[in-house]
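Chemist: Structure below; questions to follow.
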């Protein structure tokens, strides 16, 4: 697959959180920071520096470039632990997130995509990885089972189709998610949801 056809791996997390957010970031190239994104950026500072370390016999690589032709994505893994077993290296991805575990599976799908990419790169099965949340300061091990792999592949396909077609869907206002989104003011979901008040006003003016 040509490099130009690959989409950012982070788009999967954005897509599952909100398709419109994904389009605003990856199609319209819009970004705005709030407290949540700032906390996440600070948390990633260490992992964003390429390097290698060893602790308790486990080697770890930070900011590892990864890509998956099967998913059509590329990106950078925060941390990949390289565990030796049966004479082979078995990668174990660890993704850093601010906050705490969430009800939706956006974080899990992003991590699973890293696992699928590492399977292609290392030629071994990657059955699980971990999400480290800044609020709880704990790892949550995520199994890359059939359901999560299917969700990850479907989300990657939908995100790629939307981004390559340069489509920006209408907003679907969800109070909890929208209030936490740094693009709230840019998106204006209350006025653009389902065509929005502006679109309805234009239609009324045209009819009149």
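Chemist: With respect to residue 179, determine if the residue is part of a helix (DSSP H, G or I) and exposed (fewer than 15 other Cβ atoms within 10 Å of the Cβ).
Modeler: The answer is yes for residue 179.
Chemist: Which condition does residue 171 not pass, out of (1) surrounded by fewer than 16 Cβ atoms within 10 Å (Cβ to Cβ); (2) at negative phi; (3) at pLDDT below 90; (4) touching a helix residue (DSSP H, G or I) at 6+ places or on another chain (Cβ under 9 Å), if it passes all the others?
Modeler: Result: residue 171 passes all but (1).
Chemist: In the range 64-75, which residue that is surrounded by 16 or more Cβ atoms within 10 Å (Cβ to Cβ) and touching a residue at least 40 places away in the same chain (Cβ under 8 Å) is nearest to residue 180 (Cα to Cα)?
Modeler: 75
Chemist: Something else: Can you find even one residue in the range 49-61 that is farther than 14 Å from residue 160 by Cα, modelled with pLDDT of 75 or more and within 17 Å of the chain's Cα centre (by Cα)?
Modeler: No, there is no match, as no residue in the range 49-61 is farther than 14 Å from residue 160 by Cα, modelled with pLDDT of 75 or more and within 17 Å of the chain's Cα centre (by Cα).
Chemist: Would you say residue 20 is modelled with pLDDT under 95, in a strand (DSSP E or B), over 18 Å from residue 138 (Cβ atoms) and in contact with a strand residue (DSSP E or B) (Cβ under 8 Å, 6 or more places away or on another chain)?
Modeler: Against the criterion (modelled with pLDDT under 95, in a strand (DSSP E or B), over 18 Å from residue 138 (Cβ atoms) and in contact with a strand residue (DSSP E or B) (Cβ under 8 Å, 6 or more places away or on another chain)), residue 20 does not qualify.
The values are calculated or read from the model by the stated rules, or taken from the named source; none is laboratory data. All values derive from a computational prediction rather than experimental measurement. All Cβ positions, glycine included, derive from the backbone under ideal geometry; neighbour counts span all protein chains shown.
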